[in-house]
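Contents: one structure, followed by commentary.
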Amino acid sequence: MMFGGRDLVTLPEREMNALRWRDIAFIPQSAMNSLDPVYTVEYQLNEVLRRRGGLGRRDARRRCEELFELVGIDRGRLSDYPHQFSGGMRQRVAIALALALNPKLVIADEPVTALDVIVQRQILDQLRELQAALGISVILVTHDISVVAYICDRTVVMYAGKVVESGTMQATLTEPSHPYTMGLRNAFPDLQGAASGC
């Protein structure tokens, strides 16, 4: 597993820890489960900014405000607790946490699962905008082929823990070569076909 010319699998734990948050960040599948319910979101952001980023109190506060602005949350909500946010807003907080130290790579594990389709689209649009604005790479882990079709440039299809197909999103969807990829594609509704059958 190569990153920046280094094999991550062989790195000692100390070197791997130096990459976490700073170079490689993670957006978990369930933001509610990843945020600590007994601390404000500002406290949780500060923990990353001050412990991992080495920022002082004032700079950390300023960065918290920047991050909330970046993900479209009013900075006045920094002192709120996770349960005071909707599912979509909690996911935005998780994105803010991932972006706290300006990583080069963000790994997003099913970042829109359990959100309604309107909020899903808002979160995916935001990820795409942040990717373009900040110049970061995003690895999106999902089984939802509609999400892949909407946001991804390239796809890698895994089956039983092995890569079975990879290529551009367009080629993978229009000309799949593996039965599992065909199954994923067929799970995506054909809206034109459905309309013509009415």
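The values are calculated or read from the model by the stated rules, or taken from the named source; none is laboratory data. Note that the coordinates shown come from a computational prediction; the quantities given were computed from them, not determined experimentally. Methodologically, a virtual Cβ is constructed for each residue, glycine included, from the backbone with ideal geometry; neighbour enumeration extends over all protein chains shown. What goes into the accessible areas is simple: the full protein's heavy atoms, side chains included, and nothing from ligands, DNA or RNA. Shrake-Rupley method; radii C 1.70, N 1.55, O 1.52, S 1.80 Å.
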- Task: For every other residue with a beta carbon closer than 15 angstrom to the beta carbon of Met2, add +1 if it is Lys or Arg and -1 if Asp or Glu, then tell me the sum.
- Result: -1
- What size of dipole, in debye to the nearest 20, comes out for the stretch 1-97 about its Cα centre when the only charges are +1 on Lys and Arg C-beta atoms and -1 on Asp and Glu C-beta atoms? 240 debye
- Kindly provide the pair-distance distribution of the stretch 1-98 built from C-alpha pairs, with 10 Å bins from 0 and whole-percent values in order of increasing distance. 15, 44, 28, 13, 0
- Item | Gain in span if fully extended, Ala114 to Ser166, counting 0.36 nm per residue against the direct Cα distance | 16.0 nm
- Quick one: putting +1 on the C-beta of Lys and Arg, -1 on the C-beta of Asp and Glu, what dipole do you get for the stretch 74-198 around its Cα centre, in Debye to the nearest 20? 280 debye
- Note: the chain, point scatterers on Cα, Debye, no solvent; log10 I/I(0) at q = 0.12, 0.18 Å⁻¹ equals -0.69, -1.29
- Query: Residues with amide H under 5 Å of Gln29's amide H, sequence separation 5 or more or different chain, H placed in the peptide plane at 1.01 Å from N; which?
  - Reply: Asp109
- If each of Leu105 and Asp80 carries a label point 7 Å out from its Cα toward its Cβ, how far apart are those two points in nm? 3.3 nm
- Note on the structure: Rounded to the nearest 500, the 222 nm mean residue ellipticity computed for the chain from DSSP H runs (n ≥ 4, each -39500 (n - 2.57)) alone is -12500 deg cm²/dmol
- Query: Given a 1.4 Å probe, how much area per residue of the stretch 74-198 is accessible, in Å²?
  - Reply: 57 Å²
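Between exposed trypsin sites (Lys or Arg not before Pro) in the chain, where DSSP calls loop and at most 16 other Cβ atoms lie within 10 Å, what's the longest gap?
Values: sites that count: Arg22, Lys104.
With a cap of 16 other Cβ atoms within 10 Å, the longest stretch comes to 105-198.
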- Task: Excluding Arg52 itself, calculate the net charge of residues whose Cβ lies under 9 Å from the Cβ of Arg52, where each Lys or Arg counts +1 and each Asp or Glu counts -1.
- Result: +3
- For the stretch 16-62, whose charge dipole is built from +1 on Lys and Arg Cβ atoms and -1 on Asp and Glu Cβ atoms, the candidate among Tyr43, Ile24, Gly54 with its Cα farthest towards the positive end is Gly54
- Which of Cys64, Leu184, Ile151, positive extreme of dipole for the chain (C-beta unit charges): Cys64
- Gly167 long-range amide H proximity, modeled H, under 5 Å: Thr155
- State to the nearest 20 debye the size of the charge dipole of the stretch 46-90 about its Cα centre, where the only charges are +1 on K and R beta carbons and -1 on D and E beta carbons. 280 debye
